[in-house]
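A.B. asks: Before I ask anything, here is the structure I am working with.
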Amino acid sequence: MSTKLKFIGGVVVVAALFFGFLAWEYYGRIYSSNVDLEESSIEFFIHSNWTYDSVYHHLEQENIIVDAAGFDWVAQKKNYPKLVKAGRYIIFDAMSNSSLIDLLRSGEQDPVRVVVQSVRRKSDLVSRVSSSLELDSADLMQKLSDPNYCGKYGFSPQTIFTLFLPNTYEFYWNTSSDEFVERMAKEYKRFWTDERKQKAKAIGLSQSEVTTLASIVQAEQGMHPDERDDVAGLYLNRLRKGMRLESDPTLIHALGDYSIKRVLNVHKEVNSPYNTYKYAGLPPGPILLP
């Protein structure tokens, strides 16, 4: 074999090895494991205002990815910087750059479970919801205190509390205040079937008034649920006769001091529509979320 052929053969071998190395290097960057976790999976939250640089920075700072440069290279190739989607994602140990980026850019986030519990005040509800979702608590509170906003759903700021039904719901983490209220409105409509509406009508109460009465009954007999039917019957009878309910929990709500254990005559002088010792009928809204 001539020297020239040997030289060409050598060049071909070197080139093959070089390109083979590059192919192996690229394959490793794309498909080899690049996620190293101390547990099998973790939650990763991408905020609505994050850019690609924010995502990259947090993945690196939280020690989720091993080779940050490799992740960035694959992300650029997959055009991820232009496809960042907010949400809650479950990242699994040993994921490759390719599978991690495909997950994050897909927007297929895992929902969170939001527990709407029986709470005393609207602010308590807002606080609990905002601790589970990205939405701004101040924004949600402002909306639930705005007569025009509440009016869109047929409520006032005093009765909007009745829109929320205690239960466990699934939401996407980046749900906005408007999306949250809209979902709750759908659940409310689903709950209030024609049959339930007829039952409310039969006792002379609106849907919000039913919830308001239920809140008083629950507060009155929180320790003795088996007596709630009797208490509700007593209050319904007083309502029919135009009598004052004279309910201690409504007065405590009016005073805003839930540490009061015993209502005194001085307490009964407070001028509030929630003071059922002073004013007949139901108060303007529920005193808790029943």
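The values are calculated or read from the model by the stated rules, or taken from the named source; none is laboratory data. In this text, all values refer to a predicted model and were calculated from it rather than measured experimentally. Reconstructed Cβ throughout: ideal geometry from the backbone, glycine too, with neighbour counts over all protein chains shown. The protein model used for the area step is the full one, side chains on, heavy atoms only, and it has no ligands, DNA or RNA in it. Shrake-Rupley method; radii C 1.70, N 1.55, O 1.52, S 1.80 Å.
A.B. asks: Looking at this structure, is VAL126 of a type in the set (A, V, I, L, M) and touching a Leu at 6+ places or on another chain (Cβ under 6 Å)?
C.D. replies: Numbers: of a type in the set (A, V, I, L, M): yes; touching a Leu at 6+ places or on another chain (Cβ under 6 Å): yes.
Here the answer is yes, as VAL126 does meet what is asked.
A.B. asks: Then there's this: Of all residues in region 89-115, which are part of a strand (DSSP E or B), in contact with a helix residue (DSSP H, G or I) (Cβ under 7 Å, 6 or more places away or on another chain) and of a type in the set (A, V, I, L, M)? Don't jump to the end; show me each part of the working.
C.D. replies: The initial filter retains those residues of region 89-115 that are part of a strand (DSSP E or B), namely 89-92, 96, 112-115.
From what's left, in contact with a helix residue (DSSP H, G or I) (Cβ under 7 Å, 6 or more places away or on another chain): 89, 91, 96, 112, 114.
Across region 89-115, the qualifying residues are ILE91, VAL112, VAL114.
A.B. asks: Shifting gears a bit: So how many residues does region 64-88 have that are assigned to a loop (DSSP other than H, G, I, E, B), more than 29 Å from the chain's Cα centre (by Cα) and either closer than 22 Å to SER48 by Cβ or of a type in the set (S, T, N, Q) (or both)?
C.D. replies: 2
A.B. asks: Is it true that HIS224 is farther than 30 Å from TYR89 by Cα, surrounded by 15 or more Cβ atoms within 10 Å (Cβ to Cβ) and more than 25 Å from the chain's Cα centre (by Cα)?
C.D. replies: Numbers: farther than 30 Å from TYR89 by Cα: yes; surrounded by 15 or more Cβ atoms within 10 Å (Cβ to Cβ): no; more than 25 Å from the chain's Cα centre (by Cα): yes.
Spelling it out, it is not the case that HIS224 is farther than 30 Å from TYR89 by Cα, surrounded by 15 or more Cβ atoms within 10 Å (Cβ to Cβ) and more than 25 Å from the chain's Cα centre (by Cα).
A.B. asks: Here's something else I'd like to know. Can you tell me how many residues in region 159-178 are part of a loop (DSSP other than H, G, I, E, B) and open to solvent by 90 Å² or more (accessible area, probe 1.4 Å)?
C.D. replies: Filtering region 159-178 for residues part of a loop (DSSP other than H, G, I, E, B) gives 159, 164-166, 172-176.
So of that shortlist, the ones also open to solvent by 90 Å² or more (accessible area, probe 1.4 Å) come out as 172.
Number satisfying all stated conditions: 1.
A.B. asks: Scan region 82-91 and tell me whether some residue there is loosely packed, with under 14 Cβ neighbours inside 10 Å, in contact with a strand residue (DSSP E or B) (Cβ under 8 Å, 6 or more places away or on another chain), closer than 30 Å to ILE287 by Cβ and modelled with pLDDT of 95 or more. If you could, list the steps in order and put the result at the bottom.
C.D. replies: Filtering region 82-91 for residues loosely packed, with under 14 Cβ neighbours inside 10 Å gives 82, 90.
Those left that are additionally in contact with a strand residue (DSSP E or B) (Cβ under 8 Å, 6 or more places away or on another chain): 90.
With the extra rule that they be closer than 30 Å to ILE287 by Cβ, the set shrinks to none.
No, region 82-91 has no match at all.
A.B. asks: Moving on. Exactly one condition in (1) open to solvent by 40 Å² or more (accessible area, probe 1.4 Å); (2) closer than 15 Å to VAL115 by Cα; (3) assigned to a helix (DSSP H, G or I) is false for VAL181; which is it?
C.D. replies: The one condition VAL181 does not meet is (1).
A.B. asks: Same structure, new question: Are there any pairs with C-beta distances below 9 angstrom linking a residue in region 33-59 that is in contact (Cβ under 8 Å) with a residue 40 or more places away in the chain to a residue that is hydroxyl-bearing (Ser, Thr, Tyr) and part of a strand (DSSP E or B), with the two at least 6 apart or on different chains, and if so which?
C.D. replies: Final answer for the pair search is SER33/SER96; ASN34/SER96; VAL35/SER96; GLU43/TYR89; PHE44/TYR89; PHE45/TYR89; ILE46/TYR89.
A.B. asks: Hey, another quick one. Would you mind stating whether TYR27 is in a helix (DSSP H, G or I) and at pLDDT below 95? Quick ask: steps written out before the conclusion?
C.D. replies: On the way: in a helix (DSSP H, G or I): yes; at pLDDT below 95: yes.
It is true that TYR27 is in a helix (DSSP H, G or I) and at pLDDT below 95.
A.B. asks: Could you list, in sequence order, all residues of region 137-159 that are touching a helix residue (DSSP H, G or I) at 6+ places or on another chain (Cβ under 7 Å) and not β-branched (Val, Ile, Thr)? Walk me through how you get there before you give the answer.
C.D. replies: First pass over region 137-159, keeping only residues touching a helix residue (DSSP H, G or I) at 6+ places or on another chain (Cβ under 7 Å): 137, 139-141, 143-144, 149-150, 153, 155-157, 159.
Matches in region 137-159: SER137, ASP139, LEU140, MET141, LYS143, LEU144, TYR149, CYS150, TYR153, PHE155, SER156, PRO157.
A.B. asks: Here's another thing I want to ask about it. Go through region 118-131 and count every residue that is farther than 18 Å from ILE216 by Cβ and open to solvent by 40 Å² or more (accessible area, probe 1.4 Å).
C.D. replies: Residues flagged as farther than 18 Å from ILE216 by Cβ and open to solvent by 40 Å² or more (accessible area, probe 1.4 Å) within region 118-131 amount to 4.
A.B. asks: Name the single residue, out of those in region 184-209 being in contact (Cβ under 8 Å) with a residue 40 or more places away in the chain and open to solvent by 40 Å² or more (accessible area, probe 1.4 Å), that is nearest to the chain's Cα centre (by Cα).
C.D. replies: Out of the qualifying residues, it is GLN207.
A.B. asks: Does VAL115 satisfy being open to solvent by 10 Å² or more (accessible area, probe 1.4 Å) and of a type in the set (Val, Ile, Thr)? Please lay out each step first, then the result.
C.D. replies: Details: open to solvent by 10 Å² or more (accessible area, probe 1.4 Å): yes; of a type in the set (Val, Ile, Thr): yes.
In short, yes.
A.B. asks: If you don't mind, another one. Could you grab me the full set of residues in region 41-63 that are surrounded by fewer than 13 Cβ atoms within 10 Å (Cβ to Cβ) and touching a Lys or Arg at 6+ places or on another chain (Cβ under 8 Å)?
C.D. replies: Listed by number, the list holds a single entry, GLU43.
A.B. asks: Search region 212-236 for residues that are assigned to a loop (DSSP other than H, G, I, E, B) and pair each with any residue that is open to solvent by less than 50 Å² (accessible area, probe 1.4 Å) when their beta-carbon atoms are under 6 Å apart and the residues are at least 6 apart or on different chains.
C.D. replies: GLN221/VAL231
A.B. asks: Let me ask another. Scan region 240-260 residue by residue and report those that are under 17 Å from PRO290 (Cβ atoms) and either in a helix (DSSP H, G or I) or open to solvent by 40 Å² or more (accessible area, probe 1.4 Å) (or both). I'd like the intermediate steps shown before the answer.
C.D. replies: Here is the first cut: in region 240-260, the ones under 17 Å from PRO290 (Cβ atoms) are 245, 247-250, 252-253, 258.
Across region 240-260, the qualifying residues are ASP248, PRO249, THR250, ILE252, HIS253, TYR258.
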